[in-house]
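Below: the structure, in C-alpha coordinates.
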Amino acid sequence: MATLPLGLAEVRRALAEDRAREDVTTPLLAARALLPAIGRFVAQERCVVAGLPIAGLAFRELDPGAWFQPCVDEGGWADPGTTLATVRATAAALLGAERTALNFLQRLSAIATVTRRAVEAVAGTGVIVTDTRKTTPGLRALEQYAVRVGGGVNHRASLADAVLFKDNHWALLGAGRLSHALARAPAGVDVIVEVETPEQMDQALAAGVRRILVDNQLPERIAQWVKRAGPEVAIEASGGI
(Lines give C-alpha, C1' and ligand atoms only; values in the text may rest on other atoms or scores of the structure.)
Protein backbone atom coordinates (compact mmCIF):
# COMPACT_ATOMS: atom_id res chain seq x y z
CA MET A 1 0.00 0.00 0.00
CA ALA A 2 1.35 3.42 -0.95
CA THR A 3 2.45 5.73 1.85
CA LEU A 4 0.38 8.89 2.13
CA PRO A 5 2.21 12.24 1.94
CA LEU A 6 3.19 13.67 5.32
CA GLY A 7 0.13 15.16 6.95
CA LEU A 8 -2.53 13.89 4.54
CA ALA A 9 -4.01 11.34 6.93
CA GLU A 10 -4.04 13.91 9.73
CA VAL A 11 -5.68 16.52 7.49
CA ARG A 12 -8.36 14.06 6.42
CA ARG A 13 -9.10 13.16 10.04
CA ALA A 14 -9.30 16.84 11.00
CA LEU A 15 -11.68 17.67 8.14
CA ALA A 16 -13.84 14.68 9.05
CA GLU A 17 -13.86 15.77 12.70
CA ASP A 18 -15.01 19.23 11.61
CA ARG A 19 -17.56 17.67 9.21
CA ALA A 20 -16.25 20.09 6.62
CA ARG A 21 -18.30 18.50 3.84
CA GLU A 22 -21.50 18.86 5.88
CA ASP A 23 -21.31 22.62 6.58
CA VAL A 24 -24.85 23.93 7.05
CA THR A 25 -23.92 27.62 6.81
CA THR A 26 -22.02 28.14 3.56
CA PRO A 27 -24.70 26.44 1.39
CA LEU A 28 -27.01 29.30 2.37
CA LEU A 29 -25.00 31.37 -0.12
CA ALA A 30 -26.43 29.17 -2.91
CA ALA A 31 -24.50 29.56 -6.17
CA ARG A 32 -22.13 32.08 -4.60
CA ALA A 33 -20.59 29.26 -2.57
CA LEU A 34 -19.12 27.91 -5.80
CA LEU A 35 -17.54 31.18 -6.88
CA PRO A 36 -13.73 31.44 -6.73
CA ALA A 37 -12.44 33.14 -3.59
CA ILE A 38 -9.01 34.23 -2.38
CA GLY A 39 -7.65 34.11 1.15
CA ARG A 40 -4.37 35.12 2.77
CA PHE A 41 -2.56 33.81 5.84
CA VAL A 42 -0.94 36.70 7.73
CA ALA A 43 1.42 36.40 10.71
CA GLN A 44 0.19 38.08 13.88
CA GLU A 45 3.52 37.78 15.68
CA ARG A 46 7.12 36.91 14.88
CA CYS A 47 7.39 33.18 14.30
CA VAL A 48 9.20 30.38 12.55
CA VAL A 49 6.80 29.19 9.86
CA ALA A 50 5.98 25.48 9.76
CA GLY A 51 3.07 23.62 8.23
CA LEU A 52 2.51 25.46 4.96
CA PRO A 53 2.40 22.22 2.92
CA ILE A 54 -0.06 20.77 5.44
CA ALA A 55 -2.33 23.81 5.21
CA GLY A 56 -2.37 23.50 1.43
CA LEU A 57 -3.51 19.89 1.67
CA ALA A 58 -6.63 20.93 3.58
CA PHE A 59 -7.90 23.13 0.75
CA ARG A 60 -7.05 20.63 -1.98
CA GLU A 61 -9.01 17.93 -0.14
CA LEU A 62 -12.18 20.00 -0.51
CA ASP A 63 -11.32 21.50 -3.89
CA PRO A 64 -8.85 19.49 -6.02
CA GLY A 65 -8.36 22.58 -8.16
CA ALA A 66 -7.38 24.78 -5.23
CA TRP A 67 -4.23 26.86 -5.68
CA PHE A 68 -2.06 27.35 -2.60
CA GLN A 69 1.03 29.54 -2.88
CA PRO A 70 3.47 29.92 0.04
CA CYS A 71 4.93 33.42 0.22
CA VAL A 72 7.71 32.62 2.71
CA ASP A 73 10.07 29.70 3.17
CA GLU A 74 9.12 26.81 5.42
CA GLY A 75 11.39 27.14 8.44
CA GLY A 76 12.06 30.84 7.97
CA TRP A 77 11.32 33.65 10.40
CA ALA A 78 8.28 35.80 9.62
CA ASP A 79 7.53 39.19 11.17
CA PRO A 80 4.06 40.42 12.16
CA GLY A 81 2.03 41.44 9.13
CA THR A 82 3.91 39.14 6.76
CA THR A 83 1.75 37.27 4.27
CA LEU A 84 2.64 33.61 4.74
CA ALA A 85 0.57 32.14 1.92
CA THR A 86 -2.24 32.87 -0.50
CA VAL A 87 -4.98 30.40 -1.38
CA ARG A 88 -7.51 30.44 -4.21
CA ALA A 89 -10.38 27.96 -4.17
CA THR A 90 -14.15 27.85 -4.29
CA ALA A 91 -15.72 29.87 -1.50
CA ALA A 92 -17.14 26.65 -0.05
CA ALA A 93 -13.70 25.01 0.10
CA LEU A 94 -12.08 28.16 1.46
CA LEU A 95 -14.59 28.44 4.29
CA GLY A 96 -14.72 24.70 4.90
CA ALA A 97 -10.97 24.18 5.27
CA GLU A 98 -9.77 27.48 6.73
CA ARG A 99 -10.00 26.43 10.40
CA THR A 100 -8.33 23.09 9.79
CA ALA A 101 -5.54 24.76 7.82
CA LEU A 102 -5.10 27.43 10.49
CA ASN A 103 -5.04 24.90 13.32
CA PHE A 104 -2.19 22.99 11.71
CA LEU A 105 -0.28 26.10 10.66
CA GLN A 106 -0.57 27.76 14.07
CA ARG A 107 0.35 24.69 16.11
CA LEU A 108 3.26 23.58 13.96
CA SER A 109 4.63 27.12 13.71
CA ALA A 110 4.43 27.47 17.48
CA ILE A 111 6.43 24.28 17.98
CA ALA A 112 8.99 25.31 15.37
CA THR A 113 9.33 28.77 16.95
CA VAL A 114 9.92 27.49 20.48
CA THR A 115 12.36 24.91 19.14
CA ARG A 116 14.31 27.51 17.15
CA ARG A 117 14.62 29.75 20.21
CA ALA A 118 16.05 26.85 22.20
CA VAL A 119 18.43 25.96 19.37
CA GLU A 120 19.62 29.56 19.12
CA ALA A 121 20.04 29.77 22.91
CA VAL A 122 22.59 26.92 22.91
CA ALA A 123 24.27 27.78 19.61
CA GLY A 124 28.03 27.25 19.72
CA THR A 125 27.96 25.03 22.82
CA GLY A 126 27.75 21.67 21.07
CA VAL A 127 24.38 20.99 22.67
CA ILE A 128 21.67 19.40 20.51
CA VAL A 129 18.00 20.16 21.18
CA THR A 130 15.75 17.11 20.89
CA ASP A 131 12.06 16.39 21.31
CA THR A 132 10.15 13.82 23.37
CA ARG A 133 7.16 11.52 22.92
CA LYS A 134 4.98 13.97 24.86
CA THR A 135 3.04 14.83 21.73
CA THR A 136 -0.61 15.38 20.90
CA PRO A 137 -2.21 11.96 20.23
CA GLY A 138 -2.43 11.37 16.50
CA LEU A 139 -0.18 14.31 15.61
CA ARG A 140 3.26 12.99 16.57
CA ALA A 141 4.63 12.77 13.03
CA LEU A 142 3.64 16.37 12.30
CA GLU A 143 4.76 17.77 15.65
CA GLN A 144 8.12 16.03 15.36
CA TYR A 145 8.35 17.38 11.81
CA ALA A 146 7.86 20.88 13.26
CA VAL A 147 10.73 20.24 15.67
CA ARG A 148 12.98 19.44 12.71
CA VAL A 149 11.81 22.58 10.92
CA GLY A 150 12.81 24.54 14.02
CA GLY A 151 16.30 23.04 13.94
CA GLY A 152 15.80 20.38 16.60
CA VAL A 153 16.45 16.65 16.37
CA ASN A 154 13.92 13.88 16.86
CA HIS A 155 14.65 11.58 19.82
CA ARG A 156 12.24 8.62 19.61
CA ALA A 157 9.18 8.44 17.40
CA SER A 158 7.84 5.40 19.24
CA LEU A 159 8.56 2.83 21.94
CA ALA A 160 10.03 0.58 19.23
CA ASP A 161 12.75 3.01 18.15
CA ALA A 162 15.17 2.58 21.06
CA VAL A 163 15.51 1.13 24.53
CA LEU A 164 14.90 3.91 27.05
CA PHE A 165 15.27 2.56 30.57
CA LYS A 166 13.44 5.01 32.84
CA ASP A 167 12.63 5.45 36.53
CA ASN A 168 9.69 3.05 36.42
CA HIS A 169 11.87 0.38 34.86
CA TRP A 170 14.42 0.89 37.64
CA ALA A 171 11.67 0.49 40.23
CA LEU A 172 10.56 -2.82 38.72
CA LEU A 173 14.09 -4.09 38.14
CA GLY A 174 15.62 -3.80 41.58
CA ALA A 175 19.20 -2.91 42.49
CA GLY A 176 22.25 -4.23 40.72
CA ARG A 177 20.52 -5.94 37.79
CA LEU A 178 20.87 -3.39 34.99
CA SER A 179 23.55 -5.25 33.03
CA HIS A 180 21.48 -8.43 32.97
CA ALA A 181 18.38 -6.57 31.77
CA LEU A 182 20.19 -4.68 29.00
CA ALA A 183 21.76 -7.91 27.75
CA ARG A 184 18.29 -8.83 26.49
CA ALA A 185 18.00 -5.71 24.31
CA PRO A 186 17.42 -6.43 20.60
CA ALA A 187 20.57 -6.32 18.48
CA GLY A 188 21.19 -3.03 16.71
CA VAL A 189 18.78 -1.02 18.87
CA ASP A 190 20.11 2.06 20.65
CA VAL A 191 20.12 1.83 24.43
CA ILE A 192 19.47 4.88 26.59
CA VAL A 193 19.37 4.75 30.37
CA GLU A 194 17.83 7.44 32.55
CA VAL A 195 19.65 8.08 35.83
CA GLU A 196 18.73 10.16 38.86
CA THR A 197 21.40 9.11 41.35
CA PRO A 198 25.19 8.56 41.36
CA GLU A 199 24.52 4.85 41.99
CA GLN A 200 22.41 4.57 38.86
CA MET A 201 25.08 6.43 36.91
CA ASP A 202 27.69 3.92 38.10
CA GLN A 203 25.52 0.99 37.01
CA ALA A 204 24.88 2.51 33.60
CA LEU A 205 28.57 3.15 32.98
CA ALA A 206 29.48 -0.32 34.22
CA ALA A 207 26.95 -1.80 31.78
CA GLY A 208 28.67 -0.02 28.90
CA VAL A 209 25.79 2.35 28.19
CA ARG A 210 26.81 5.09 25.76
CA ARG A 211 23.69 7.27 26.01
CA ILE A 212 22.65 8.38 29.48
CA LEU A 213 19.63 10.55 30.21
CA VAL A 214 19.99 12.75 33.30
CA ASP A 215 16.56 13.71 34.59
CA ASN A 216 15.57 16.57 36.91
CA GLN A 217 19.09 17.57 37.91
CA LEU A 218 20.68 20.95 38.54
CA PRO A 219 23.05 22.21 35.83
CA GLU A 220 25.98 21.86 38.22
CA ARG A 221 25.21 18.17 38.77
CA ILE A 222 24.80 17.62 35.04
CA ALA A 223 28.21 19.20 34.39
CA GLN A 224 29.79 16.90 36.98
CA TRP A 225 28.26 13.83 35.40
CA VAL A 226 29.33 14.89 31.91
CA LYS A 227 32.94 14.92 33.13
CA ARG A 228 32.44 11.65 35.00
CA ALA A 229 31.05 9.86 31.95
CA GLY A 230 33.83 10.95 29.62
CA PRO A 231 33.78 11.97 25.95
CA GLU A 232 32.58 8.60 24.65
CA VAL A 233 29.25 8.84 26.48
CA ALA A 234 26.48 11.15 25.28
CA ILE A 235 24.67 12.82 28.16
CA GLU A 236 21.06 13.88 27.61
CA ALA A 237 19.41 16.26 30.06
CA SER A 238 15.69 16.68 30.63
CA GLY A 239 13.28 17.92 33.27
CA GLY A 240 13.25 21.31 34.93
CA ILE A 241 15.31 22.99 32.22
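Are any residues in the range 89-145 within 22 Å of Arg211 (Cα to Cα) and without any contact (Cβ under 8 Å) to a residue 12 or more places away in the chain, and if so, which ones? Hits for the range 89-145 are Val122, Ala123, Gly124, Thr125, Gly126, Val127, Lys134.
Quick grid of which residues meet (1) β-branched (Val, Ile, Thr); (2) part of a loop (DSSP other than H, G, I, E, B); (3) at pLDDT below 95:
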{"site": "Arg88", "(1), (2), (3)": "no, no, no"}
{"site": "Glu98", "(1), (2), (3)": "no, no, no"}
{"site": "Arg107", "(1), (2), (3)": "no, no, no"}
{"site": "Ala112", "(1), (2), (3)": "no, no, no"}
{"site": "Ala123", "(1), (2), (3)": "no, yes, no"}
{"site": "Val127", "(1), (2), (3)": "yes, yes, yes"}
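Taken as a whole, the structure leaves Phe41 outside the set of residues that are farther than 20 Å from Thr113 by Cβ and either in a loop (DSSP other than H, G, I, E, B) or among the aromatic types (Phe, Trp, Tyr) (or both). Within the range 2-25, can one find any residue that is closer than 25 Å to Pro137 by Cβ, more than 24 Å from the chain's Cα centre (by Cα) and not in a helix (DSSP H, G or I)? Yes: the range 2-25 contains one or more residues that are closer than 25 Å to Pro137 by Cβ, more than 24 Å from the chain's Cα centre (by Cα) and not in a helix (DSSP H, G or I).
The selection criterion, being over 25 Å from Ala146 (Cβ atoms), of a type outside the set (Val, Ile, Thr) and not in a helix (DSSP H, G or I), does not hold for Pro80. Out of Ala175, Ala206, one residue alone is small (Gly, Ala, Ser) and either at pLDDT 90 or above or surrounded by 13 or more Cβ atoms within 10 Å (Cβ to Cβ) (or both). It is Ala206. Of the helices (runs of 4 or more DSSP H) lying entirely inside the range 137-219, the ones with 1 or more residues being of a type in the set (Lys, Arg) are found at 140-149.
Has the range 1-14 got at least one residue that is surrounded by 13 or more Cβ atoms within 10 Å (Cβ to Cβ), over 24 Å from Ala146 (Cα atoms) and in contact (Cβ under 8 Å) with a residue 40 or more places away in the chain? Within the range 1-14, none of the residues are surrounded by 13 or more Cβ atoms within 10 Å (Cβ to Cβ), over 24 Å from Ala146 (Cα atoms) and in contact (Cβ under 8 Å) with a residue 40 or more places away in the chain.
The values are calculated or read from the model by the stated rules, or taken from the named source; none is laboratory data. Nothing here was measured: the structure is a model prediction, and the numbers come from that model. Here the Cβ is made from the backbone with ideal geometry for all residues, glycine too, and neighbour counts use every protein chain on show.
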